[in-house]
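A short worksheet on the structure shown next.
The values are calculated or read from the model by the stated rules, or taken from the named source; none is laboratory data. Remember, predicted model here, so these are calculated numbers, not experimental data. Positions of Cβ are backbone-derived with ideal geometry, glycine not excepted, and every protein chain shown enters the neighbour counts. The accessibility values were calculated without ligands, DNA or RNA, using every heavy atom of the protein model including side chains. Shrake-Rupley method; radii C 1.70, N 1.55, O 1.52, S 1.80 Å.
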Amino acid sequence: MLDKYFSFITRHRWAVLATWLLILFGAVLGAGRLSFSSDYRVFFGPDNPQLTAFEALQSEFDSSDNVLIAIAPKQGSVFNRDTLAALEYITEESWRTPYSSRVDSLNNYQYTRVAGDDIVVENMVPPVSEMTDARIQQLQNEALSEKQLVNRLLAADGEVGAVNITIRLPGKMREMEVPEVAVFIRDLVSRAELRFPQQTFYMSGQIMMNATLVDASQHDMTVLFPITLLLILVGMMVFTRSIAASFSTLLVTLGAIIGALGSAGWLGISLSPPSASAPTIILTIVVADCMHLLSTYYAGLRRGDEKHAAMKTALTENFRAIYLTSLTTMAGFMTLNFSDSPPFRDLGNISALGVFVAWLMTVSFLPVWTLMMPSKTKATRAAKNHAPLWPVALAFMLDKHRRVSLVALIGLIALMFIGLPKNTLDDTFYDYFGESFPVRQANDFLFENLTGIATLEYELNSGEKNGISDPEFLQKIEAFSNWYEQQEGVYHVSVFTDVLKRINRNLHGDDPQRYRLPDTREEASQYTLLYELSMPFGLQLSNQVKPDHSAMRMVVTMKKMSSQNLMALEDRAQLWLQQQDMQSLTGPGVSPDMMFAHIGERNNRTLLVGVVIALVLISALLLFVFRSVRIGIISLAPNLMPVGIAFAGWGLLVGEVGLSLSVIGTMTLGIVVDDTVHFLSRYMVATREKGLSKVAAIEEAFRKVGRALIGTTVTLVVGFMVLALSPFKLNSDMGLMTAVTLAIALALDMLLLPVLLLVFDRVPERQSAKRTALDGVSSPSLPS
């Protein structure tokens, strides 16, 4: 069958090349339809309960999407003319931000005071040009005593101020809307830096983090991909000792990547940081197939085989292993569709498509193209007459000490697994961005010097129209907000009851004892109406109170928290509400932070199903191909243990398993199987078809595919280690853990798998010349 196939593709070589040219041309057209997602919501499916709850709250109040620009004087506090002027400039210019609906800052904070029988609501900071030094000092005293300002728009020590811009995106083309806002803000800050050189500006907020998602995606595709490509091509030249092999591999890898991205474009998939790493992953994996085929081909040429004969032998010997490893790798990636996070589903689908295209190109385009290229590889005496000695030595050593080796290896593996329980499911959303990103630098500065970025939002519902004026309802809100203010890690709690208390104090001669909630429903209703009518355009109460006055919004701002700590805080809040018999006051807290806190746990749970299914599929495939239950069971150990050992090491060194590592089990399982398949394929042919003993079969497997196994694994490890350099944590952790897992897998395939075969496989130990008869290549005989 393969003879006819080989004859067909070589006889119709120009048709094969033309077919691939047409396919890739169509893929290029599809790739032109790709776009980069610039919305953190891409990490959550439409039925995600935390996303659904968050968007429900957003529909009732102003959007939480924002840009926060912090201003810190290089010396002193913000209460000087230059800094106040910088805050004034940013506040005024921020109203021009695309899609902005509200701008809040120290300068336009709505300060209340009494003038006669009226209450006056006005900007806290008058035009800076009109302020005297005494007025600036008075402003400092007033501002630092305002609860709604401190730890939100003004640092408690007065050394940092901020402008918060609320953004309400239309949502029709978010991939265009977010960059539009980010470009405006960056330009605004650039102009401000020139105008106010004594100030330092920091850009943060949800919109700027969304924009950084695009930056992270583009960085990995434009920086890491070329580095990986260069390193892999150099590695290919080293292992095959052929520039032509590297060039052929380059064509196959680029074809696979174009085919995968083109398909993604036609399918309407948007790239995000996780899925943007697919080209690097495809590049790394595709080289493995090319290396196995080409290394066998060039080994044949060095033995003196004619080109067509060498390629026919290479295709015949590797065809089954290549299609089997391609299927298992695709199966591993396809099980990422069990992920609860769409970008990882996209990553799995794009990578699987790339592996599929690479498989087809490896068994059709690559042989034809390689044969058409001139080859300078010549037969060598060493290749004809001598086999490498290391396969003989390694096979002999493992055979001589098979039981000791088995016990030692199992003991060492068991010892390594001590670190596995030390892993905890945890994550910190703000650490996703590496320190090289300006938004990460801004977030770190804000956490230390101004306020938190992490939030929890609650809709506090009275259950009736105008119910927020009910004194009993207000007392419940007061109690809940006071409880939150006492919790560790909470910077600030923003709720409308603080405004009511301030107005109550104002209307009673600014008596500090009257800084409390109004006593009657009528007073609360009047205060709310009075304040609402006094608010300027753009600063209405819609961010705090529902239009029908049936509910309030409470926003809790916290320090940087891990997922587990955030969920524990919310659990304590719900327990407190239950103990106070106030469960009807509000539902669970919602925010992007809470969404990311839950996604890692949900992802691990759903992908566990994917791992089981992948394991069943791959095991069934191996059983079918090798037609041996014993071999199938033996193959499980070197396939399952690598990821366990890698996670055990992670537990000892790091211990935090988040969203990025939740995909490792499913993704690496299909890749790890590759080396096992290639080794077992050679071993099974040697024992079942050639009649060699187990030791001789292991020696032959080492000799035939050992160099390729080492070469492909080094290539894979290098490729994923480059991905580990990504400044986006999801990709860097994924790259590092995958590289470690694959390195461990190679060690187990070279050491544990042969020992398991020697101990448990049932093949008669023949002491014949066939024991070391390696296709006519003389080799030192193994001691009996």
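Here K559 fulfils each of the conditions (1) touching a Phe, Trp or Tyr at 6+ places or on another chain (Cβ under 8 Å); (2) open to solvent by less than 80 Å² (accessible area, probe 1.4 Å) apart from (2). Taking each residue of the stretch 44-60 that is in contact (Cβ under 8 Å) with a residue 12 or more places away in the chain and looking for partners that are open to solvent by 70 Å² or more (accessible area, probe 1.4 Å) and of a type outside the set (D, E, K, R) with beta-carbon atoms closer than 7 Å, six or more apart or interchain, yields A53/P588. If you go through the stretch 132-163 and pick out every residue that is assigned to a loop (DSSP other than H, G, I, E, B), open to solvent by 50 Å² or more (accessible area, probe 1.4 Å) and not acidic (D, E), you end up with 6. Taking the stretch 191-224 as the range and being modelled with pLDDT of 90 or more, of a type in the set (V, I, T) and open to solvent by 20 Å² or more (accessible area, probe 1.4 Å) as the test, only T200 passes.
Taking the stated definitions as given, is I285 in a loop (DSSP other than H, G, I, E, B), open to solvent by less than 60 Å² (accessible area, probe 1.4 Å), modelled with pLDDT under 90 and within 28 Å of S364 (Cβ to Cβ)? No. Being modelled with pLDDT under 90 and either of a type in the set (A, V, I, L, M, F, W, C) or closer than 24 Å to I634 by Cβ (or both) is a description that does not apply to D775.
So that you can scan it fast, the table gives a plain yes or no per residue for (1) open to solvent by 10 Å² or more (accessible area, probe 1.4 Å); (2) acidic (D, E); (3) under 20 Å from the mean Cα position of the chain (by Cα):
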site: L569; (1), (2), (3): no, no, no
site: M595; (1), (2), (3): no, no, yes
site: L608; (1), (2), (3): yes, no, yes
site: F624; (1), (2), (3): yes, no, no
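Restricted to the stretch 92-128, and to residues there that are open to solvent by less than 10 Å² (accessible area, probe 1.4 Å) and hydroxyl-bearing (S, T, Y), the residue that is farthest from V163 (Cα to Cα) is T112. Among the residues of the stretch 64-81, is there at least one that is under 26 Å from L169 (Cβ atoms), touching a strand residue (DSSP E or B) at 6+ places or on another chain (Cβ under 9 Å), free of Cβ contacts under 8 Å to residues at least 24 places away in the same chain and open to solvent by 20 Å² or more (accessible area, probe 1.4 Å)? For the stretch 64-81, residues under 26 Å from L169 (Cβ atoms), touching a strand residue (DSSP E or B) at 6+ places or on another chain (Cβ under 9 Å), free of Cβ contacts under 8 Å to residues at least 24 places away in the same chain and open to solvent by 20 Å² or more (accessible area, probe 1.4 Å): absent. Please pick out the residue among D571, D519, D510, D581 that is part of a helix (DSSP H, G or I) and acidic (D, E). None of the other options fit; the residue is D571. Among the residues making up the stretch 610-622, those that are in contact (Cβ under 8 Å) with a residue 24 or more places away in the chain and either open to solvent by 40 Å² or more (accessible area, probe 1.4 Å) or basic (K, R) (or both) are V611, I613, L615, L617, L621. Take the conditions (1) surrounded by fewer than 23 Cβ atoms within 10 Å (Cβ to Cβ); (2) modelled with pLDDT under 85; (3) within 24 Å of F344 (Cβ to Cβ); L659 misses just one of them, which is (1). You will find that of T329, T377, the residue that is at pLDDT below 85, surrounded by 14 or more Cβ atoms within 10 Å (Cβ to Cβ) and either polar (S, T, N, Q) or not in a helix (DSSP H, G or I) (or both) is T377 and no other.
Tell me, please, whether a residue that is loosely packed, with under 14 Cβ neighbours inside 10 Å and within 31 Å of the chain's Cα centre (by Cα) can be found in the stretch 174-185. Looking through the stretch 174-185, at least one residue is loosely packed, with under 14 Cβ neighbours inside 10 Å and within 31 Å of the chain's Cα centre (by Cα). Taken over the stretch 235-273, the residue count meeting the criterion of being free of Cβ contacts under 8 Å to residues at least 12 places away in the same chain and in contact with a Ser or Thr (Cβ under 8 Å, 6 or more places away or on another chain) is 1. Among the conditions (1) surrounded by 14 or more Cβ atoms within 10 Å (Cβ to Cβ); (2) modelled with pLDDT of 95 or more; (3) not basic (K, R), I167 misses just one, which is (2).
As a summary of the residue check, L539 satisfies the conditions (1) of a type outside the set (G, A, S); (2) open to solvent by less than 70 Å² (accessible area, probe 1.4 Å); (3) at pLDDT 85 or above except for the one numbered (3). Taken together, E175, E180 contain a single residue that is in a helix (DSSP H, G or I), acidic (D, E), under 25 Å from Y432 (Cα atoms) and modelled with pLDDT of 90 or more, which is E180. One residue stands out among those in the stretch 441-467 that are in contact (Cβ under 8 Å) with a residue 40 or more places away in the chain and charged (D, E, K, R): the one that is nearest to R186 (Cα to Cα), which is E457.
Within the stretch 691-729, work out how many residues are more than 14 Å from V287 (Cα to Cα), aliphatic (A, V, I, L, M), modelled with pLDDT of 85 or more and not in a loop (DSSP other than H, G, I, E, B). Of the residues in the stretch 691-729, 8 are more than 14 Å from V287 (Cα to Cα), aliphatic (A, V, I, L, M), modelled with pLDDT of 85 or more and not in a loop (DSSP other than H, G, I, E, B).
Filtering M684, M721 for residues that are over 18 Å from V755 (Cβ atoms) and touching a residue at least 12 places away in the same chain (Cβ under 8 Å) leaves a single hit, M721.
Taking the stretch 302-316 as the range and being in contact with a Ser or Thr (Cβ under 6 Å, 6 or more places away or on another chain) and at pLDDT below 85 as the test, only R302 passes.
Between D431, D444, the distinction of being in a helix (DSSP H, G or I) and either in contact with an Asp or Glu (Cβ under 9 Å, 6 or more places away or on another chain) or crowded, with 21+ Cβ neighbours inside 10 Å (or both) belongs to D444 only. Considering only residues in the stretch 447-469 that are at negative phi and open to solvent by 40 Å² or more (accessible area, probe 1.4 Å), the one that is nearest to the chain's Cα centre (by Cα) turns out to be E448.
Among residues of the stretch 402-428 being open to solvent by less than 60 Å² (accessible area, probe 1.4 Å) and either of a type in the set (V, I, T) or within 30 Å of D65 (Cβ to Cβ) (or both), the one that is modelled with the highest pLDDT is I413.
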